[in-house]
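Enquirer: Please read through the structure below; I'll follow up with questions.
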Amino acid sequence: MFYSVKAHAIPERMVEFQRKLTDGTILAQKPDGKEIVESMRRARITEPGVVRWSEACFCPTPLAHERQTVYDLYFNDLETELVENTVEFDGELFMDFLSRQSAAPS
């Protein structure tokens with residue numbers, strides 16, 4: 001099943017999230033690490049602080065494992081909606097946003 005996801009990024013956690021997305025930490029997570037990383041590569045900032053993406057998930061509760069292990073650490077107010085296939089959103093690529101956050105002086 002595919003879900004459209006909308007969530008609010010937790011600003012102070014974004015540098016850590018970018019590191020874990022790019023250093024292989026999340027990619028190594030079984031069974032869903034690869035899908036999480038690919039979903040974040042598709043994700044877009046659609047308005048200030050709001051990230052939208054689509055993701056395949058086969059949990060009885062949408063994104064249950066992904067939320068428990070990753071998303072609830074980095075996002076608030078996560079909402080899901082069942083869709084027929086991946087959805088492309090307009091806006092800045094989330095990974096570009098994360099790269100800028102990581103490059104910014106602390």
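Enquirer: Restricting attention to region 57-70, which residues are in contact (Cβ under 8 Å) with a residue 12 or more places away in the chain and either surrounded by 14 or more Cβ atoms within 10 Å (Cβ to Cβ) or at positive phi (or both)?
Expert: Of region 57-70, the ones in contact (Cβ under 8 Å) with a residue 12 or more places away in the chain are 57-58, 62-63, 65-66, 69-70.
Within region 57-70, C57, P62, L63, H65, E66, T69, V70 qualify.
Enquirer: Taking the stated definitions as given, is G49 surrounded by fewer than 16 Cβ atoms within 10 Å (Cβ to Cβ), closer than 20 Å to S102 by Cα and either hydroxyl-bearing (S, T, Y) or in contact (Cβ under 8 Å) with a residue 24 or more places away in the chain (or both)? Can you show your working first?
Expert: Numbers: surrounded by fewer than 16 Cβ atoms within 10 Å (Cβ to Cβ): yes; closer than 20 Å to S102 by Cα: yes; either hydroxyl-bearing (S, T, Y) or in contact (Cβ under 8 Å) with a residue 24 or more places away in the chain (or both): yes.
Here the answer is yes, as G49 does meet what is asked.
Enquirer: A further question on this structure: Looking at region 17-48 only, could you name the residues that are acidic (D, E) and either in a strand (DSSP E or B) or touching a helix residue (DSSP H, G or I) at 6+ places or on another chain (Cβ under 7 Å) (or both)?
Expert: At the first step, the residues of region 17-48 found to be acidic (D, E) are 23, 32, 35, 38, 47.
Of everything in region 17-48, those that are acidic (D, E) and either in a strand (DSSP E or B) or touching a helix residue (DSSP H, G or I) at 6+ places or on another chain (Cβ under 7 Å) (or both) turn out to be D32, E47.
Enquirer: Testing D96 on (1) free of Cβ contacts under 8 Å to residues at least 60 places away in the same chain; (2) surrounded by 19 or more Cβ atoms within 10 Å (Cβ to Cβ); (3) not in a strand (DSSP E or B), one condition comes back false. Which one is that?
Expert: (2)
Enquirer: List the number of the failed condition for T46; all other conditions in (1) more than 20 Å from Y3 (Cβ to Cβ); (2) touching a Gly at 6+ places or on another chain (Cβ under 7 Å); (3) hydroxyl-bearing (S, T, Y) hold.
Expert: Of everything listed in (1) more than 20 Å from Y3 (Cβ to Cβ); (2) touching a Gly at 6+ places or on another chain (Cβ under 7 Å); (3) hydroxyl-bearing (S, T, Y), T46 misses just condition (1).
Enquirer: Assess whether L82 counts as being over 13 Å from F2 (Cα atoms), modelled with pLDDT of 95 or more and not polar (S, T, N, Q).
Expert: So L82 does not fit the description; no.
Enquirer: Take the residues of region 49-93 that are in a helix (DSSP H, G or I) and of a type in the set (F, W, Y): which is nearest to the chain's Cα centre (by Cα)? So that I can check it myself, show each step before the final result.
Expert: Within region 49-93, the first condition is being in a helix (DSSP H, G or I), and the residues that meet it are 64-74.
Now narrow it down to the ones that are of a type in the set (F, W, Y): 71, 74.
Details: Y71: 7, Y74: 8 Å.
By that ranking, first place goes to Y71.
Enquirer: Within region 1-16, can you find the residues that are in a loop (DSSP other than H, G, I, E, B) and either aromatic (F, W, Y) or modelled with pLDDT of 95 or more (or both)?
Expert: Within region 1-16, the subset in a loop (DSSP other than H, G, I, E, B) is 1, 10.
Residue satisfying the conditions is I10 alone.
The values are calculated or read from the model by the stated rules, or taken from the named source; none is laboratory data. Source: prediction; values computed, not measured. Neighbour counts run over all protein chains shown; Cβ positions are idealised from the backbone, glycine included.
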